[in-house]
1. Along the charge dipole of the chain, pointing to its positive end and built from +1/-1 on Cβ of Lys, Arg, Asp and Glu, which listed residue (Leu103, Ser85, Ile62) has its Cα farthest out?
2. Within the set of other residues whose C-beta is less than 14 Å from the C-beta of Thr27, count the net charge using Lys and Arg as +1 and Asp and Glu as -1.
3. What percent do you get for the relative contact order of segment 27-93 when only Cα pairs under 8 Å and 6+ apart count?
4. Simple spin-label model, 7 Å along Cα-to-Cβ: Ile141 to Gln19 in nm?
5. Counting alpha carbon pairs within less than 8 Å and at least 6 residues apart, what relative contact order, in whole percent, applies to segment 55-158?
6. Taking only C-alpha pairs under 8 Å that are 6+ residues apart, what is the relative contact order of segment 6-121 in percent?
7. With a sphere of radius 10 Å drawn around the Cβ of Thr48, what net charge do the other residues whose Cβ falls strictly inside it have (Lys, Arg +1; Asp, Glu -1)?
8. Straight-line reach from Lys31: which lysines have a Cα under 18 Å away, not including same-chain ones fewer than 8 places off?
Amino acid sequence: MTSPATFPTALRQLLRTQQAFLSYAATHVQKLDLTLPQFDIIITLGNTPGMPYKKLGEKTLITKGTLTGVISRLEEKGLVQRVASETDGRSQIVRLTEAGTTLFESTFSEHLQFINRLFNDYSPEDIASLEAALVRLHEAIITARNGVDEKIEDEDNE
């Protein structure tokens with residue numbers, strides 16, 4: 001375990017790295033006249049028959065409130081459409097239109113290459129170590145969050 005003085009430095013670096021990555025990725029996506037959340041929707045729906053809002057939100061990490069606006073803007077651009085679910089009349093499926101599919105097919109591979117350049121100087125072992133450390137941190141956060149949730153529930157039941 002690291003000392004308390006080290007923790008804020010590591011956290012700050014993690015957040016700076018995330019911000020730098022999002023800025024880097026946005027430079028490519030902006031050329032398509034899209035935002036990162038919009039492109040996230042496009043690449044998530046690519047090669048699928050579409051998916052319900054809830055699943056799309058889980059796969060993209062976009063909150064439900066934000067997701068509705070992002071979908072509306074993509075719909076205005078003619079890149080996605082909403083259709084009634086065949087299995088649940090109360091829900092809608094979001095899927096790519098023909099224009100959305102064309103955009104996905106013409107840009108996804110290029111975008112992956114653009115992102116993969118970041119890892120050119122990393123060995124497969126470096127990437128595996130980085131991923132393992134991030135997974136471990138994610139699991140620690142989830143465990144801690146669940147502990148806080150349980151503590152709040154216990155206090156509410158007293």
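Read-outs: derived from the displayed coordinates by stated rules, not from any lab. Please read all numbers here as calculations on a predicted model, not as lab measurements. Every residue, glycine among them, receives a Cβ derived from its backbone with ideal geometry; neighbour counts consider all protein chains shown.
1. So the residue we want is Leu103.
2. 0
3. In percent, rounded to a whole number, it is 27.
4. 1.6
5. Result for segment 55-158 is 12 percent.
6. 23
7. Net of charged neighbours comes to +3.
8. Of all the lysines, those that pass the test against Lys31 - Cα under 18 Å, at least 8 places apart if same chain - are Lys77.
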